[in-house]
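What follows is a single structure, written as structure tokens, with notes after it.
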Amino acid sequence: MKPARFDYVRAETLAEAHAVLASEGGDAIVIAGGQSLVPLLSMRMARPGVLVDIMHVADLGGIVIKDDAIRVGATVRQAQLLAWPELAAHQPLLALALPFIGHAQTRARGTVCGSAALADPSAEIPLALVALGGEIELSAAAGKRQLAAKEFFNGLMSTSRNDDELIEAVHFPRTRPGDGYAFIEFARRHGDFAIVACAAMADAQGVRLAVGGVADFPTARDFGPLDGAALDEAIEDFAFDLEARDDLHANAAYRRELVRQLGRKTIDEARRCRV
Amino acid sequence: MPRLTADRHHRVRFTLNGRPVEGDAEPRMLLTDFLRHVLGQTGTHVGCEHGVCGACTVEIDGAPARACLMLAVQADGMTLRTVEGLAPEPGRLSVLQDAFRRHHALQCGFCTPGILMSLDIYLRGHASPTEAEVRDFLSGHLCRCTGYVPVVAAALDAAAKLREAAGDA
Amino acid sequence: MTASGGGWLGQSIERVEDANLLTGRGRYIDDLAVRTGTLHAAILRSPHAHARIRSIDVAAARTAPGVGAVLTGAEVTALSSSLAVGVRAPIQSWPIAVDRVRYVGEPIAVVVATDRYLAEDALELIEVEYEPLPALVDPRDALASTELFLHDGLKSNVASDRSFRYGDPEAAFAKAARKISVSIHYPRNSCTPIETYGVVAEYDANEDAYDVLANFMGPFTMHPVMARSLKVPGNRFRLRTPPDSGGSFGVKQGVFPYIVLMALAARVAGKPVKWVEDRLEHLAASVSATNRMTTLDAAVESDGRVVALAWDQVEDVGAHIRAPEPATLYRMQGNLTGAYAIRHVAVRNRVVLTNKTPTGLNRGFGGPQVYYALERLMQRVAVELNLDPLEVIRRNLVPAGAFPYRTATGGLLDSGNYQQAVDTAVQDGGLAELQARRDQARAEGRLYGIGLTAAVEPSVSNMGYVTAVLTPEERRKAGPKNGAQATATIAVDPSGSVTVHIASAPQGQGHRTVAAQIVADALGLKPSDVRVVTDLDTARDAWSIASGNYSSRFAAAVGGAVHLAAMQIKGKLARGAAAQLNVPTDEIEFANGKIGAKGNPDNAIAFGRLAAASHWSPGVVPDGAQALRETVFWSPPQLEAPGDLDETNSSLCHGFIFDFCGVEVDRVTGALRIDKYVTMHDCGTILHPGMVAGQVTGGFAHALGAAVYEEFAYAPDGAFLSGTFADYLLPTTMEVPAPVILHMESPSPFTPLGAKGVGEGNCMSTPVCIANAVADALGLDAIDLPLTPGKLAQFTHPKEQES
Ligand SMILES: Cc1cc2nc3c(=O)[nH]c(=O)nc-3n(C[C@@H](O)[C@H](O)[C@H](O)COP(=O)(O)OP(=O)(O)OC[C@H]3O[C@@H](n4cnc5c(N)ncnc54)[C@H](O)[C@@H]3O)c2cc1C
Ligand code: FES
Ligand code: FES
């Protein structure tokens, strides 16, 4: 279990990182926290020609409060965001969801943007981005663009990021007065990737539920003011629309039932949190 | 930093347990292999090489980290601590290590260095953890021998002893 | 802590092992220096569960940078012979695929290179052409198959089929009021130590001799197996173990085929070869416990008394019968009636081959499989007869006073008082309170259940039990196998200090500490005065086939041998002292580091001074009292070979366990929560309470893993689905609660110190105890492991409407 050979570039500036990605295209791979990439290297499932270490690029750091969003730069570790004293005040959903990502030891190195880049269907950060309607800030030598989360995640471990682009930052919308949030996750063991994770956000207009671990990527649906049996029916449709699969840990029917029950519970809790 | 080419060995330097160390590594060399087989510091163990077991946990720039999920070249310039750096002097154990011995919190000892590194860092920032907090924090470490009960007890006992010592000071 | 006149045993003294392990100074195999020029091995493994190998092209790998040698089945068959197979069947067992692969992960080629990275680079250059064959994964399919056989020499996939009859089971079944049955599929799992296998091998062409260092744990019955395979006499196969090992739980027995493989690689390479298994290799292809299909019928009286059992066991050993298999199936032969006085037993044992990893030792070894059936059955008896499960257990227990008790199948239960243990556990463990908790939970609409288990925990295996797989005639021809030689050596050096060597191959269980306690007590010393060495060298140390770390034999057998060796040295020293101090030998006492006359503290001599005398002044030591070095080999006479009626005393000691637990199943997720777990152990005399607690909590955690989280899962095509620690789920701090541990001590009359084994019991009792609780919570007749949320939710989720 040892990696195949690759070159290593420790980028000191954004331009340097962009340049390597531009010249080597798909042969270059960004390494951030390495918590997902290094095992893939060791199993020789990832075989880059060159690794671009972006963790020393000063411009990529920082948690910044913008008008309506929290901008989290590419070198921000999950632990750093979780320990940020203002997190719960600005976005309670993140404070609820981040503790479910792996373990303290992996959060100490894994980055927020790296998790978005990896786009694991069960991962909490992509789910939070989708639930909140967050955005992903991409940049390349050729220029920048910003994508809505639901456009960014487009398949199983797949995103609309081009090979020459890196994620400079992700933007989580800030909470507004009167918003309510809830997060419920079920995994085989504490710290495992979710079998089903539900994030809900309620405001004056209605409620949105986003589900991870079921479809190929986290998926959100707005349920407006629906409640009672009508809400259950709508969640029922949602559960089937996610096209759950069977795997070692759970079958599709099981996942659907968790969406029904945990989804409803998450919505109710988010609504309760509003008042 | 210039591009480090794949088939060459490159000089890697960092601070290990308070001392500067250096050695040569290909870019692909894992930090675990570098510590163990280049620097000869075999106290850091390898149990899975894919980030799950925690046996390889070391301290990097003040935070716990899986050494098997890092390349040696990534560590260049950083500050590392490993289990070899925990005891105050040869023949004496730290408060945490001593608590492990008194509580029989190890059997084969293979998982132990990683657990000690995690806890050593944790107790610096959390003087009065609850059992639930310790269990949550240690969930990133697999131990096959102890059933964890004595490990948790040792951690709580060490926290109490460290509080006492801090109070005395 | 002082203990002047002995008394060290029974205390939880700090372990002498710990300071090094806590400071990063352990000496595990991968920490030790190797000879300059040592090459590093990597193994190419089969991606197929079953395929013919059409061709292997290693030309490019041979010339790759750093490569010293490449080895395939061709080299291995040319230089060695097949590993011995424990049944009478025309099948071979090689440590590498020969012409055919039979499980995912089976070695196909070994590359040795200057480092592991380069060796893995070269693996990628090997071209293998496969002709895939259908895979037989389910033992039922393997049994039924009439055309597809894993080993051509066998015209089926059944390697052994034996039936046994003890007492008069047919009559008992005919007479009994009821017949109650269970049918179970025990899944595959493994104790996966955190340190993987490691081997460093060297071949001396001039002396035609192999020298191997490996974290092998025994049993050393494997030594002759390996030597024979390497085609050398035992004295040309030197096997050494490192001072420390990162856990085993049986699993490191399974390194032995790799010892042979790496020995051959070193021979081909002409250089020492080192191999450290990685975790992916370990999960896919090291070793697994057996999966087993069991149907167990009981002839039952209407009061719940079981009068007869009929076992039908189909043991799936995977693709090869690796020695000592089919031992997993026979380890419990003397204990098929568990803790109960059941006099009539019928058994049919079949061993079937499938396209899965070969099986081997794993904590519990046969016990989990047997008790899962037996204790599920006892619960069914209670449910079907509408009796209290505790009462059913009580009515069937071996009577107190009946010990030593000969079981129907030939086991000899050494000591105990099962009724008292149960009563104490019920009382001190708070069963009534737990029942109240269940009632309340149920009143609130929650799914709460209670499970109970009684079990006998065998320890110190009879080296002859596995010959029960042979017919009495076959056994007669082969010659009897029995016993369990334990050994200990005590040496006194010229400074008069004491060193002990034991061949127990510890894997973290603190043997050095306990051996020092034993000797300290015998010789009136402090444990810190005694040094104990446990790394083993078959060329230098005393050992025998039973040496090693398995069947929980340390405290009972090795500890006993240490005690006997210490008493032997003591006897000689006492005679020397008697001469010097001018008192009769029986008035000499050993205390506080002195040897002196009883009742006369002034007439004494320092232990070290007297002990050194045999070195410095042998002339003044009485004849026959030279106390230099004593080696004791001890084998208990009770461990006889299986008899003509197949009666088999498979183990020397039998602890008793009574467990109960309360669990709750979450209706929404199907997740299982252990509310309370109580485990009562009678493991005879307790030598070190802290270590006994460690064995119990550690075994409990393993058992919880097996019950709820862990499974080596295979797809129908034989693909291995549990290949990483993210798929094969070990319980963590968040999953393992603290069990309530209770004790009783009924010393074993068969062991020198009265101790019995304790390390494996919970692996036998806990999985079924939890399953019984789940069955109680959900009202289930049948349930198999692992008790995953997905599985349990099938019983709690409403039926899904097709939408
Ligand atoms: C034991 C364990 C448990 C875990 N449990 C969870 C869990 O429960 N939930 C969960 O979500 N995750 C979990 N993870 C994975 C999580 O820890 C990773 O941190 C995360 O998925 C990736 O972040 P990283 O910074 O480590 O990225 P890396 O591993 O460095 O990179 C991952 C991928 O993203 C790309 N990438 C990284 N950063 C960028 C960027 N800025 N721009 C473009 N591409 C980039 C890389 O090229 C690579 O392909 C677990 C990991 C481990 C080892
Ligand atoms: S060896 Fe690094 S986490 Fe297991
Ligand atoms: S002490 Fe052996 S794995 Fe933890």
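The values are calculated or read from the model by the stated rules, or taken from the named source; none is laboratory data. All values reported here derive from a predicted model rather than from experimental measurement. When we count neighbours, we look across all protein chains shown, and the Cβ atoms used for this are built from the backbone with ideal geometry, even at glycine. The accessibility values were calculated without ligands, DNA or RNA, using every heavy atom of the protein model including side chains. Shrake-Rupley method; radii C 1.70, N 1.55, O 1.52, S 1.80 Å.
A few points about this structure:
- Residue check, B:GLY23 within 16 Å of ligand 2 (Cβ to nearest atom), more than 17 Å from A:ARG109 (Cβ to Cβ) and not assigned by TED's automatic domain parsing to the domain that holds B:TYR148: no
- Test for B:ASP7: is it modelled with pLDDT under 95 and either basic (Lys, Arg) or closer than 27 Å to A:VAL57 by Cβ (or both): yes
- Answer residue from segment B:15-42, given it is within 14 Å of chain A (Cβ to nearest Cβ) and under 16 Å from the mean Cα position of the chain (by Cα) and is nearest to A:ARG44 (Cα to Cα) among those: B:LEU30
- Given (1) open to solvent by less than 10 Å² (accessible area, probe 1.4 Å); (2) out of contact with any Gly (no Cβ under 7 Å at 6 or more places or on another chain); (3) within 12 Å of chain C (Cβ to nearest Cβ); (4) at negative phi, index of the condition B:VAL83 fails: (2)
- Just one of (1) more than 11 Å from chain C (Cβ to nearest Cβ); (2) among the β-branched types (Val, Ile, Thr); (3) within 16 Å of ligand 1 (Cβ to nearest atom) fails for B:VAL52. It is (1).
- Single match in A:ALA253, A:ALA234 (criterion: closer than 16 Å to C:VAL668 by Cβ, within 14 Å of another protein chain (Cβ to nearest Cβ) and either open to solvent by 30 Å² or more (accessible area, probe 1.4 Å) or over 22 Å from the mean Cα position of the chain (by Cα) (or both)): A:ALA253
- Among the residues listed as C:GLY508, C:GLY449, C:GLY483, the single one being more than 14 Å from chain B (Cβ to nearest Cβ) and in a loop (DSSP other than H, G, I, E, B): C:GLY483
- Members of segment C:561-603 that are assigned to a helix (DSSP H, G or I) and open to solvent by less than 40 Å² (accessible area, probe 1.4 Å): C:ALA561, C:VAL562, C:ALA565, C:ALA566, C:ILE569, C:GLY571, C:LEU573, C:ALA574, C:GLY576, C:ALA577, C:ALA578, C:LEU581
- Which numbered condition B:GLU131 fails, given (1) on the phi < 0 side of the Ramachandran plot; (2) within 16 Å of ligand 1 (Cβ to nearest atom): (2)
- Scanning segment A:205-215 for residues that are assigned to a loop (DSSP other than H, G, I, E, B), touching a residue at least 60 places away in the same chain (Cβ under 8 Å) and over 23 Å from A:THR106 (Cα atoms) gives A:VAL214, A:ALA215.
- There is at least one residue in segment C:17-26 that is modelled with pLDDT of 95 or more, among the β-branched types (Val, Ile, Thr), open to solvent by 10 Å² or more (accessible area, probe 1.4 Å) and not in a strand (DSSP E or B).
- Selection within segment C:241-252 - more than 20 Å from B:LEU142 (Cβ to Cβ) and out of contact with any Lys or Arg (no Cβ under 9 Å at 6 or more places or on another chain): C:THR241
- C:PHE249 being touching a helix residue (DSSP H, G or I) at 6+ places or on another chain (Cβ under 8 Å), within 14 Å of chain B (Cβ to nearest Cβ), more than 16 Å from ligand 1 (Cβ to nearest atom) and touching a residue at least 12 places away in the same chain (Cβ under 8 Å): yes
- Selection within segment A:151-193 - in a loop (DSSP other than H, G, I, E, B) and hydrophobic (A, V, I, L, M, F, W, C): A:LEU156, A:MET157, A:ALA187, A:PHE193
- Answer residue from segment B:134-146, given it is facing another protein chain (nearest Cβ under 7 Å) and away from ligand 1 (no atom under 16 Å from the Cβ) and is surrounded by the fewest Cβ atoms within 10 Å (Cβ to Cβ) among those: B:ARG135
- If you go through segment B:82-108 and pick out every residue that is within 16 Å of ligand 2 (Cβ to nearest atom) and closer than 19 Å to B:GLY40 by Cβ, you end up with 2.
- Taking the conditions (1) touching an Asp or Glu at 6+ places or on another chain (Cβ under 6 Å); (2) open to solvent by 50 Å² or more (accessible area, probe 1.4 Å); (3) within 12 Å of chain B (Cβ to nearest Cβ); (4) of a type in the set (A, V, I, L, M, F, W, C) in turn, A:ALA22 satisfies each one other than (3).
- Options A:GLY26, A:GLY62: the member that is over 21 Å from B:ASP61 (Cβ atoms) and more than 16 Å from ligand 2 (Cβ to nearest atom): A:GLY26
- Only one of the listed residues (A:LEU87, A:LEU147, A:LEU138) is under 17 Å from the mean Cα position of the chain (by Cα), closer than 20 Å to A:ILE29 by Cα, away from every other protein chain (no Cβ under 14 Å) and without any contact (Cβ under 8 Å) to a residue 60 or more places away in the chain. That residue is A:LEU138.
- When residues of segment C:305-335 are limited to those that are open to solvent by 10 Å² or more (accessible area, probe 1.4 Å) and not in a loop (DSSP other than H, G, I, E, B), the one farthest from C:HIS223 (Cα to Cα): C:VAL307
- Restricting the search to helices (runs of 4 or more DSSP H) fully inside segment A:94-148 and requiring at least 1 residues that are open to solvent by 20 Å² or more (accessible area, probe 1.4 Å) and either within 16 Å of ligand 3 (Cβ to nearest atom) or not acidic (Asp, Glu) (or both) gives A:104-107, A:112-118.
- Residue within segment B:45-58 that is among the charged types (D, E, K, R) and open to solvent by 50 Å² or more (accessible area, probe 1.4 Å) present: no
- Any hit, segment C:739-757, residues being open to solvent by less than 10 Å² (accessible area, probe 1.4 Å), more than 14 Å from every other protein chain (Cβ to nearest Cβ), charged (D, E, K, R) and part of a loop (DSSP other than H, G, I, E, B): yes
- Hits in segment C:52-99 - residues which are part of a helix (DSSP H, G or I) and of a type in the set (A, V, I, L, M): C:ALA59, C:ALA60, C:ALA61, C:ALA74, C:VAL76, C:ALA78, C:LEU79
- Residue under evaluation C:TYR130, criteria (1) within 30 Å of C:ARG228 (Cβ to Cβ); (2) open to solvent by 10 Å² or more (accessible area, probe 1.4 Å), criterion not met: (1)
- Here C:ALA693 fits the description: at negative phi, within 23 Å of the chain's Cα centre (by Cα) and either part of a helix (DSSP H, G or I) or in the same structural domain as C:GLN435 (by TED's automatic domain parsing) (or both).
- Considering A:ALA104, A:ALA182, A:ALA187, A:ALA95, the condition of being away from ligand 1 (no atom under 14 Å from the Cβ) and over 15 Å from the mean Cα position of the chain (by Cα) is satisfied by A:ALA182 alone.
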